[in-house]
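Structure first, commentary second.
Where a number appears in this text, it was derived from the coordinates with a stated rule and is not lab data. Computed from a prediction, not measured in an experiment: that's the story for all the values here.
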C-alpha cells in the first residue's frame, strides 16, 4: 500500500501520477541507451566469454574498418530511402482518409482510432 501511494504520488491517480509517468517514459530510453553504451564499453574492454576455452585469436577481425563500413553503408541506404520517400513521395504512406475534404458541419459516421489505439477502442 505504501509503495502504491509512493508511485501514485498520493492516494489516487492524479496529476502527480501522470507527471511521474510522463517523466519516466521520457527518461527511460536515455537510461536504456546509457546502459547499452556501458555494456558495450565493458564488452569491448574485457572481450566476450569463451565457454569452450579454446584460443580464438586467429578467427578475430578488427571492428574497424570492416564492420563500421558495413554499418555505415546500411545506415546510408536507410537514410537515402527515408529521404527519398519524404521528398519525392510524401503521401505514399499516408492514410487515404486524410485526403478527403473535411466538412466541419457533419460528424463522420464511423470514427476509428489509429492502429496503436485500437486495443482501447470499444
Legend entry - Rg to Rh quotient for the chain, alpha carbon positions, Kirkwood Rh: 1.16
Inset, instruction - Report, in degrees rounded to the nearest 10, the 0 to 90 angle that the Cα long axis of helix 66-88 makes with the longest principal axis of the chain. - result: 20
Inset, instruction - Note the angle between two axes, namely the Cα long axis of helix 15-46 and the longest principal axis of the Cα atoms of the chain, as a number of degrees from 0 to 90, rounded to the nearest 10. - result: 20
Inset, instruction - Between 89, 34, 16, find the one with the highest GNM mean-square fluctuation for the chain; connect C-alpha pairs within less than 10 Å. - result: 16
Legend entry - Helix-only mean residue ellipticity at 222 nm for the chain, each DSSP H run of n ≥ 4 adding -39500 (n - 2.57), per residue, nearest 500: -17500 deg cm²/dmol
Inset, instruction - State whether the stretch 1-48 is rounded, prolate or oblate according to the following rule on the C-alpha gyration tensor (a ≥ b ≥ c being the square roots of its eigenvalues): a/c under 1.5 gives rounded; otherwise a/b larger than b/c gives prolate, and the remaining case gives oblate. - result: prolate
